[in-house]
């Protein structure tokens, strides 16, 4: 059975403030997602929490500086600043014990209503042997990027290249080597600012993905023949750190597995949603086998969904030479994602621009795929 229709009021409330990883508003968003999961019949779990390694950072910085001195290249030395922006935000999140993800496992009669650990979530469908497992995921953190690095990847790249070209010319009039050093400094400060702003509402990037997962749970989250695992990742904007940490903890070599779920590696799928609330066209990127199965669904063909090349999102964390998981990501854009998405990471990413019915369209594609996995049965049967 399906739950109540997702409301625009809920969506706009979720986008009321930025959700930069490590901030209070980010932690509040995580708590709200736990409430959604509990209402949907899942036991909500947080984790893992990052353990910041100062000694590794010190060794890396020392080696970088030593290499810069050895090569007599101050440009190389100044380029360490962009890394500083990433590390600062991760350190801030680790200090506040901000989780890498919030996820849910299906609640059974034997399991408690709420739990902060995997304990008590066993039993259920896994007792009947391996079944297909579908992870529905999206990142819930957001970030604001100052001009000129905001907007679509192509536009941001061209503007960034222009800055890196103009700055050296201006500074070279002061000193022959000042141009390159100054350009590296500008680049570093811009990247530092990227991970230090919390002003974007993050509606399309990526409240739209979060609510697409919730819409999937509403439509077919309690199918008895397929393990449905909702996961909301954090720290995506810092380089997919949250999804990498979660996959390593639960699915990597020596990982603890997913509580209460016996994963069949041959039928293990991850479907990610990232920037899916705007744009006329639907794109799917990722593992060819899963991508083509989704594109063949009647719902995908009705929408004119199409494949696209590499898209940098959390589904990539499931893909490694040893992994047997099939993973894809949904994207929406007006033309082609690398030329579009000009509103992301900016104040223009407003909730009023998002079409909630577009999230339901994607949920129907995934519902059809899940029905196929369950042997043609209705997902909620």
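Below, the figures for the structure above:
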item: Complete set of residues in the stretch 304-351 that are surrounded by fewer than 19 Cβ atoms within 10 Å (Cβ to Cβ), touching a helix residue (DSSP H, G or I) at 6+ places or on another chain (Cβ under 8 Å) and over 25 Å from residue 133 (Cα atoms); result: 338, 339, 342, 350
item: Subset of the stretch 278-297 (residues that are in contact with a strand residue (DSSP E or B) (Cβ under 7 Å, 6 or more places away or on another chain) and assigned to a loop (DSSP other than H, G, I, E, B)); result: 278, 279, 287
item: Residue in the stretch 308-324 that is part of a helix (DSSP H, G or I), closer than 29 Å to residue 245 by Cβ and more than 17 Å from the chain's Cα centre (by Cα) present; result: no
item: Evaluation of residue 300 against (1) surrounded by fewer than 22 Cβ atoms within 10 Å (Cβ to Cβ); (2) out of contact with any strand residue (DSSP E or B) (no Cβ under 6 Å at 6 or more places or on another chain) (one fails), failing number; result: (1)
item: Test: residue 365 is modelled with pLDDT of 95 or more and either in a loop (DSSP other than H, G, I, E, B) or out of contact with any helix residue (DSSP H, G or I) (no Cβ under 9 Å at 6 or more places or on another chain) (or both); result: no
item: Failed condition for residue 319, given (1) at pLDDT 95 or above; (2) farther than 19 Å from residue 201 by Cβ; result: (1)
item: For residue 81: the one exception among (1) under 28 Å from the mean Cα position of the chain (by Cα); (2) at pLDDT 70 or above; (3) not assigned by TED's automatic domain parsing to the domain that holds residue 224; result: (2)
item: Filtered residue count, the stretch 215-262, keeping only those that are in a helix (DSSP H, G or I), in contact (Cβ under 8 Å) with a residue 60 or more places away in the chain and either closer than 14 Å to residue 137 by Cβ or out of contact with any strand residue (DSSP E or B) (no Cβ under 8 Å at 6 or more places or on another chain) (or both); result: 15
item: Extreme residue, farthest from residue 341 (Cα to Cα), among residues of the stretch 277-286 that are buried (at least 19 other Cβ atoms within 10 Å of the Cβ) and out of contact with any helix residue (DSSP H, G or I) (no Cβ under 6 Å at 6 or more places or on another chain); result: 285
item: Inter-residue pairs, beta-carbon under 7 Å, first part of a helix (DSSP H, G or I) and in the stretch 138-163, second modelled with pLDDT of 80 or more, 6+ apart; result: 153/338; 154/338; 154/339; 155/342
item: Unmet requirement for residue 197, which otherwise passes all of (1) touching a strand residue (DSSP E or B) at 6+ places or on another chain (Cβ under 9 Å); (2) modelled with pLDDT under 95; result: (1)
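The values are calculated or read from the model by the stated rules, or taken from the named source; none is laboratory data. These numbers were taken from a predicted model, which means no experiment stands behind them. As a convention, Cβ positions derive from the backbone with ideal geometry for all residues, glycine included, and neighbour counts pool all protein chains shown.
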